[in-house]
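Take a look at the structure set out below.
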Amino acid sequence: MSQTALSAQINARIEGLPVVGWQARVRLLLGVITFFEAFDLLLISFTLPLLKQQWQLDPTQVGLIVGSGTFGMLLGALCAGALADRVGRKPVLLAAMLLTGLFSALIACASDWQGLLVGRLLQGLGIGAEVPIAALYLSEIITSKVRGRFVLLYELSFPCGLMFAGVACTWALPVMGWRPLYWLGSVPMVLAVAVYLYVPESARWLAARGQLRRAQACMAYMERASGHAVATPLLTEAPVARPRDSGRWRQLFDPVLRHASGSVGLLWFLGYLVNFALLIWLPSLYVEVFSTSLAQALNFTLWSNIAGLGGCMAAAWCVDRIGRVRLLFGGYLGAGLSLLLIALTVAWQQVLLVALLAASCSFFLYAANMSLHLYTPELYPTLLRGKGAAWGALCNRSGALLGAVGMGWVLALHWGATAIFILLGGLLLLASAIALQARETRGQVLG
């Protein structure tokens, strides 16, 4: 039996599975883990002021600590993508959870800034690996008819984890200090046991690698868990021709995939550049441009975060109805127009109007950005899907870094708020134009 025939049979059996409690339980388990990955990601933002005071950290040390986490996430995403295509989705997920949990516990025990730096670097490896590979895995266990909603409902766990980090730190830091929060962040290490016991390897990946017996066993487990036997002939015991390798990075830019990789890479880069520019600098703009108090600025920022969560929910509801391309186009267009309207109204000094428009921008921007986690794996064949997800993560992190640092450079040039919002809005309009040229994947059976 050829590897192509094996993959076709496995795909047909997965497409025939009903959407029942088993898939939802796996999604819930991975969602809880991703919730704590997001919690761990943002925890440093709230605990760093206390750590600076406690350990008398200078700006260079602070920069190294913050940068180590970002570098770790970038490296983790790249390594995870290659490993997920070579050794499987499940081992990479388990390793990512263990890294995140173990080194969150190490941070909780740290006695100096060097221990914190090492812990952040290695914890970042786990965070950077888990999020893209978990979304990729979920897309491979579900039928194409509901894949969009299924994956995006999982993605809601990440913004919820970010919001929980803010709430937990506001309440717990003054009472308990910072160490118990990092102990809480080690939960993924415990949940890795449940993943090991109850989450099977991706049958699509096993089939693509020509591992007939393991693919059969995995499908039998999924069918039993779903309470439904698919009416597809059982795989024969004929030998399967295994692929010589798990796909190479350069294949992402072969003629067949070049346009898809370029388009989705630009969408990741532009979307997260603007996202992080606003996330980090918007509170400061409220204070400096509109003369609000810090408390008011944080409240307005909370409006944007809540609106962003609403945008993620809306995306999950409509992605299988309108398709990926329309959602990406509409999301970036709506966010870009919201920022251009802010640019037009800055001179009026109506901060409430600006805050509402910023919330509107977050609604559309979060909807589009979150959809990229679904859309990117759909563009690639199984043995390149991990590397495709890693390519998206590389562009994501690069855009986020430039957005955070680049906004500081722009503000130093004294361009003024109007020019800044025109620039950011223009970048999102460019993203919407790129989305229009992208390939639709709604209803596509993963190959």
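Here, each number is a calculation from the coordinates, and none is a lab measurement. Note that the structure is a prediction, hence the values are computed from the model and not measured. All Cβ positions, even for glycine, are placed from backbone atoms using ideal geometry, and neighbour counts span all protein chains on display.
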- request: Please work out how much length the chain gains when fully extended from residue 58 to residue 45, using 0.36 nm per residue of separation minus the C-alpha to C-alpha distance, in nm with one decimal.
  value: 3.1 nm
- prompt: In what sequence do 113, 268 fall when counting other Cβ within 10 Å, fewest first?
  reply: 113, 268
statement: Subtracting the Cα-Cα distance of residue 258 and residue 217 from 0.36 nm times their residue separation yields 11.2 nm
statement: From fewest to most C-beta neighbours within 10 Å, the residues 70, 170 line up as 170, 70
task: Could you tell me how many degrees, from 0 to 90 and to the nearest 10, lie between the Cα long axis of helix 59-86 and the main elongation axis, the longest principal axis, of the Cα atoms of the chain?
output: 20 degrees
field: Estimated [θ] at 222 nm from DSSP helical runs (n ≥ 4, -39500 (n - 2.57)) normalised by residues in the chain, nearest 500
entry: -27500 deg cm²/dmol
statement: Quarter of the surface of the C-alpha convex hull for the range 246-439, i.e. direction-averaged projected area in nm², equals 10.8 nm²
- prompt: For the modelled label position 7 Å from the Cα of residue 28 along Cα-to-Cβ, which residues of the range 197-214 have backbone nitrogen atoms closer than 15 Å?
  reply: 198-199
- prompt: For 201, 155, 288, what ranking results if the residue with the fewest other Cβ atoms within 10 Å of its Cβ goes first?
  reply: 288, 201, 155
statement: Measuring from its Cα centre, the chain shows a charge dipole (+1 at each Lys and Arg Cβ, -1 at each Asp and Glu Cβ) which, in debye to the nearest 20, is 1120 debye
task: Give the calculated FRET efficiency between residue 353 and residue 109 to the nearest 0.05, with a Förster radius of 30 Å applied to their Cβ-Cβ distance.
output: 0.05
- request: Give the distance, in whole Å, between the Cα centre of the range 387-447 and the Cα centre of the range 117-172.
  value: 20 Å
message: Taking each pair of distinct Cα atoms in the range 1-229 once, what is the resulting Kirkwood hydrodynamic radius in Å?
response: 18.6 Å
query: Given the Cα atoms of the chain, and with Rh set as the inverse mean 1/r over their pairs in the Kirkwood sense, what is Rg to Rh to two decimals?
result: 0.98
D_trans [Stokes-Einstein, Kirkwood Rh over alpha-carbon pairs] for the range 1-108, 10 °C, 1.306 mPa s, µm² s⁻¹: 92 µm²/s
statement: Length gained, residue 171-residue 86, 0.36 nm per residue minus C-alpha separation, equals 26.3 nm
- line: If one compares the long axis through the Cα atoms of helix 157-176 with the longest principal axis of the Cα atoms of the chain, the angle in degrees, nearest 10, works out at 50 degrees
query: Can you list the equivalent-ellipsoid semi-axes of the range 36-165, largest first and in whole Å, using the square root of 5 times each Cα gyration tensor eigenvalue?
result: 30, 16, 11
task: Set the Förster radius R0 to 45 Å, insert the Cβ-Cβ distance between residue 398 and residue 197 as r into 1/(1 + (r/R0)^6), and round the FRET efficiency to 0.05.
output: 0.75
